[in-house]
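Here's the structure, in structure tokens; my notes come after.
The values are calculated or read from the model by the stated rules, or taken from the named source; none is laboratory data. Predicted model only: the values in this text are computed from it and were never measured. Every residue, glycine among them, receives a Cβ derived from its backbone with ideal geometry; neighbour counts consider all protein chains shown.
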Amino acid sequence: MFLNDIPWDLVRESFWPIFLRGIYYSIPLAIISFIFGMLLALITALSRMSKSRILKTVFGIYVSAIRGTPLFVQLFIIFYLFPAFQVTIDPFPSAIIAFSLNVGAYASEIIRASILSVPKGQWEAAYSIGMTSKMALFRVILPQAVRVSIPPLSNTFISLIKDTSLASQILVAELFRKAQEIGASNLDQILFIYIEAAFIYWIICFVLSIGQQLIERRLDRYVAK
């Protein structure tokens, strides 16, 4: 009975417009935010592991503030922050800034934990062949930490894809925003439009999860067993 109630014509007509918004807006938004977020995460992780109390305090407050507030609220703060200083910025860049800051805080803890998981003997081995601390970090420690951090960071990226739906609330023309626009013109069938949007998100995340598994299997080849 439920299947007979589904407006298949509307579902077929709306699928590609919604899907293409995901391809052209949601995925690029997630990728760009993730790249900037990872750069910020690496800086944050290394700063919190440094001997500088100032760096530890500043970046510690940053991580605490981001982890202690909802992403939804962060999006609105960034969106209204620049106009408050008479600076005009489009919704898409605002979303990138907010998502990057959020990813940077959470991913920094993953990177920091991954670095700390590398045995101290690796540092000592690097020093024994004449490497400096910087050389040991980038040539010995980080490559090993990357393998450890791939699974949780991949999950972070997949979660970010879903979180981009929040950007619709600050007028970013992404996947869910398109679903809302179509739903507004078909209020009696809006449930099916939202189910369709959820299905498209699931497709994208499912494909990404397969890619994650392939990467993990490839990395496992280089692990001694």
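Observations on the structure shown:
- Filter result for residue 149 (crowded, with 18+ Cβ neighbours inside 10 Å, farther than 24 Å from residue 165 by Cβ, touching a helix residue (DSSP H, G or I) at 6+ places or on another chain (Cβ under 8 Å) and at pLDDT 85 or above): yes
- Residue within the stretch 59-67 that is modelled with pLDDT of 95 or more, part of a helix (DSSP H, G or I), among the β-branched types (Val, Ile, Thr) and closer than 23 Å to residue 143 by Cα present: no
- Residue 116 vs. criteria closer than 25 Å to residue 162 by Cα and surrounded by fewer than 18 Cβ atoms within 10 Å (Cβ to Cβ): no
- Hey, residue 198 within 21 Å of residue 21 (Cα to Cα) and either surrounded by fewer than 14 Cβ atoms within 10 Å (Cβ to Cβ) or without any contact (Cβ under 8 Å) to a residue 40 or more places away in the chain (or both) or not: yes
- The set of residues in the stretch 182-195 that are at pLDDT below 90 and either surrounded by 13 or more Cβ atoms within 10 Å (Cβ to Cβ) or touching a helix residue (DSSP H, G or I) at 6+ places or on another chain (Cβ under 9 Å) (or both) comprises 182, 183, 184, 186, 189, 190, 191, 192.
- Taken over the stretch 1-41, the criterion of being part of a helix (DSSP H, G or I), modelled with pLDDT under 95 and over 20 Å from residue 177 (Cα atoms) is satisfied by 2, 3, 4, 5, 8, 9.
- Residue match in the stretch 52-59 (condition: over 13 Å from residue 94 (Cα atoms), without any contact (Cβ under 8 Å) to a residue 40 or more places away in the chain, within 15 Å of the chain's Cα centre (by Cα) and loosely packed, with under 12 Cβ neighbours inside 10 Å): no
- Residues in the stretch 86-109 that are outside any helix (DSSP H, G or I) and either on the phi > 0 side of the Ramachandran plot or in contact (Cβ under 8 Å) with a residue 40 or more places away in the chain (or both): 86 only.
- Selection status of residue 215, within 24 Å of residue 72 (Cα to Cα), touching a helix residue (DSSP H, G or I) at 6+ places or on another chain (Cβ under 9 Å) and aliphatic (A, V, I, L, M): no
- Out of 134, 178, sole residue that is among the basic types (Lys, Arg) and in contact (Cβ under 8 Å) with a residue 40 or more places away in the chain: 178
- Extreme residue, nearest to residue 204 (Cα to Cα), among residues of the stretch 10-29 that are in contact (Cβ under 8 Å) with a residue 60 or more places away in the chain and of a type in the set (Val, Ile, Thr): 27
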